[in-house]
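Structure record follows, encoded as structure tokens.
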């Protein structure tokens, strides 16, 4: 469900809500489960000693609900505190997420070598590569196929 929410928020260009979503992920689990969400929210990132991405999520102010339904769901419009935590995964899960790797090439969220693989994605909805490209992807992160 989070991938659908990211797509909707991307369409609406709601950076503060993307940040609030990231903060809620960190509050309710231990990961920002969508690396693309971190990119879309313009989160500051660093790489830790284990090679994992760490993000800092700024606090987000509350806003007025836009609908009665939204008003009944406080998480859609309530404030979120500043948060820090880990981004899950090394690359976008959905194929459409790869397009965002070109947005800010200097961002620590964009792992070296990933943008070069984007041209080899298959037409599947999820990140799927031909065998040779999949092996190169695994090698970027020290993964054993």
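Out of curiosity, is residue 19 modelled with pLDDT under 70, in a helix (DSSP H, G or I) and either surrounded by fewer than 18 Cβ atoms within 10 Å (Cβ to Cβ) or out of contact with any helix residue (DSSP H, G or I) (no Cβ under 6 Å at 6 or more places or on another chain) (or both)?
Here the answer is no, as residue 19 does not meet what is asked.
Just checking, does the range 129-136 include any residue being surrounded by 13 or more Cβ atoms within 10 Å (Cβ to Cβ), part of a loop (DSSP other than H, G, I, E, B) and out of contact with any helix residue (DSSP H, G or I) (no Cβ under 6 Å at 6 or more places or on another chain)?
no
Grab the strands (runs of 3 or more DSSP E) fully contained in the range 30-88, keeping just those with 1 or more residues being surrounded by 21 or more Cβ atoms within 10 Å (Cβ to Cβ), modelled with pLDDT of 80 or more and within 11 Å of the chain's Cα centre (by Cα).
The qualifying strands (runs of 3 or more DSSP E) are 53-57, 83-87.
For the range 89-106, give me each residue that is over 22 Å from residue 143 (Cβ atoms) and assigned to a loop (DSSP other than H, G, I, E, B).
Scanning the range 89-106 gives 103, 104, 105, 106.
The values are calculated or read from the model by the stated rules, or taken from the named source; none is laboratory data. Since this is a predicted model, take the numbers as computed values, not measurements. All Cβ positions, glycine included, derive from the backbone under ideal geometry; neighbour counts span all protein chains shown.
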